[in-house]
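Notes follow once the structure below has been shown.
The values are calculated or read from the model by the stated rules, or taken from the named source; none is laboratory data. Predicted, not measured: the structure shown is a model, and the values here were computed from it. We place every Cβ from the backbone using ideal geometry, glycine too, and count neighbours over all the protein chains shown.
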Amino acid sequence: MLVALCLPVAFSVGPAPRPVGPMRSSVLTMAIEPPKLDGPDIKVSENLQSVVPSNLIEGSEAPKDFVSQVPFQEPVVLPEWAKQGPVFRRAEFWSNGTATVMEVINVLGRFESANEWGTRDFFIDVPAALARKEIEDNSWTEKRYGMAQRMGMVERVAMQYNLAELPFTNAKLAAAVGKTVEDFETLPVSRCAIDVVFDALVESKSSLIEPSVCDRRRGGIVGADGTFNELAFRQGLYKARAIVIASWFLLGKGNFVWILVGVQLLHDARPDLFPTPKDLDLFKIFAII
């Protein structure tokens with residue numbers, strides 16, 4: 001199933017927001033308190049920052065009345081200089097989520113090792129009946145974190161949760177694109193950019209990666225002299241996309257992939273005329289074929 005990690009709008013109900021817990025402020029922002037529902041009993045985490053209706057999360061198998069506790073980020077506003085250069089898409093290339101090369105550099109320049117962001121103290125409680133469903137909240141549970149720790153892995157969600165709080169420190173990387181550490185330090189870190197970078201590092205759609213593998217691949221993308229190896233970065237994304245497409249063929253959905261590819265190519269050529277596969281709700285068709 002597919003999960004959209006960047007939602008275009010915030011869901012707003014209930015009283016005015018107030019700070020709760022030690023949640024990160026740069027990438028994960030306070031929005032609302034959870035509404036009272038007639039659905040399953042959902043224990044709200046102490047660190048809750050926002051809630052998003054499950055029907056706004058693409059591919060979710062949650063029931064209609066389930067409310068996600070996944071931290072939600074408002075759309076970021078980039079300065080003009082950060083909009084320049086190539087734009088990268090996720091491994092699921094039909095997704096609307098993109099990141100500019102400056103956003104990618106902004107992520108890569110905030111860590112040298114996966115151990116800098118690999119742990120987290122924010123967890124979401126999911127009802128037992130939904131524990132095996134395709135719901136984004138399941139990636140944020142303490143059980144999932146414990147499993148990753150036992151396997152010696154770091155999680156995608158840990159990177160999403162922690163990275164924006166890390167300072168940008170790679171002066172050579174900034175200088176290689178004509179900028180300074182201060183320029184990138186004030187540039188917002190988008191969740192889409194984090195996901196694009198994680199896709200390239202993990203070279204798949206996976207949510208886990210070994211720290212040593214992550215560090216080695218990052219070292220191939222960011223040189224010791226601060227140069228950004230765009231070819232190596234693209235290769236990581238291409239491998240990730242190949243695995244996504246191959247998995248669809250294995251699931252018997254191969255013919256539908258080419259429909260997505262065709263619609264995406266039309267959108268890329270004439271975005272003023274052709275919407276994206278997501279905008280056309282093609283994933284609803286995918287769910288029934």
**Report entry** Unique residue being in a helix (DSSP H, G or I) and touching a residue at least 40 places away in the same chain (Cβ under 8 Å) when the list is VAL189, VAL213, VAL197
**Finding:** VAL197
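Looking for whichever is under 13 Å from the mean Cα position of the chain (by Cα), at pLDDT 95 or above and in the same structural domain as GLY236 (by TED's automatic domain parsing) here; the options are VAL157, VAL104. Which one fits? Let's see the steps before the verdict.
Details: VAL157 fails: in the same structural domain as GLY236 (by TED's automatic domain parsing).
Testing whether each residue is under 13 Å from the mean Cα position of the chain (by Cα), at pLDDT 95 or above and in the same structural domain as GLY236 (by TED's automatic domain parsing) leaves just VAL104.
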Query raised in the report: Taking region 215-231 as the search range and keeping residues that are buried (at least 16 other Cβ atoms within 10 Å of the Cβ) and of a type in the set (A, V, I, L, M), which one is farthest from VAL177 (Cα to Cα)?
Result: ILE221
Report summary line: Note on region 186-197: residues out of contact with any Gly (no Cβ under 8 Å at 6 or more places or on another chain) and either hydrophobic (A, V, I, L, M, F, W, C) or closer than 11 Å to ILE105 by Cα (or both) are LEU187, VAL189, ALA193, ILE194, VAL197
Report task. For region 215-241, name all the residues that are charged (D, E, K, R) and in contact with a Leu (Cβ under 8 Å, 6 or more places away or on another chain). Result -> ARG217, ARG218
Report summary line: Scanning region 144-160 residue by residue, the ones that are touching a Leu at 6+ places or on another chain (Cβ under 7 Å) and in a helix (DSSP H, G or I) total 1
Query raised in the report: Just wondering, is there one or more residues in region 92-107 that are touching a Cys at 6+ places or on another chain (Cβ under 7 Å) and either among the basic types (Lys, Arg) or farther than 29 Å from GLU61 by Cβ (or both)?
Result: no
Requested in this report: Could you tell me whether VAL67 is of a type in the set (A, V, I, L, M, F, W, C) and over 16 Å from the mean Cα position of the chain (by Cα)?
Outcome: yes
